[in-house]
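Below is one structure; the comments refer to it alone.
The values are calculated or read from the model by the stated rules, or taken from the named source; none is laboratory data. Note that the structure is predicted; figures quoted are calculated from it, not measured. These accessible areas exclude ligands, DNA and RNA; they are computed on the full protein's heavy atoms, side chains included. Shrake-Rupley method; radii C 1.70, N 1.55, O 1.52, S 1.80 Å.
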Amino acid sequence: MERADERRVVAGVSGTLGSLTALHRAAAEARHTDAVLRAVLAWSPPGGELGHRSQPWPELLTECRRVADDRLLRAVDTAFGPAGPGVPMETLVVRGTPGLALVAATNGPEDLLVVGAGARGGLRRALHPSVARYCLAHATCPVLAVPPSPLQDDIAAVHRSISWHMPLNTRELAD
């Protein structure tokens, strides 16, 4: 049961390194302000809502919801481990677009919305609208856009290096 007067720090979670960084920052903000941490993961059916309306399949929606629940719990466990964040926490899985779901998860100007704001190239920006920009434009509470961890660039460089120097053996995939 949620109380309207309860202050929240709402964090968008997707399981990416950027969202885990934002989740850690949200936990620190919640600790600092004696607020409840609310971790929110948004999901939509494969093909989007329009695709689902043309081919409704209830079993698929049930499975998608279960996968989203598991993804959120794994992300929270990855971020904090068994000890948890050290503040009261709620988890919320919402069917819809991430920006809209995050803005709806806040209760008003006393809350804080924390989102990851990674570096984005032109192609990525054209194909996937920025959740952080949407939240900054539509939220009625303060929005904290957390830049990616500096380690994220190092990890990406290692992945690129490995992919160039270790060719994929397709025979292993056939087994």
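Numerical summary
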item: Ranked order, L144, L72, L112 - accessible area, probe 1.4 Å, largest first; result: L144, L112, L72
item: For T16, residues with placed amide H under 5 Å, excluding near neighbours; result: none
item: Gain in span if fully extended, R71 to A83, counting 0.36 nm per residue against the direct Cα distance; result: 2.5 nm
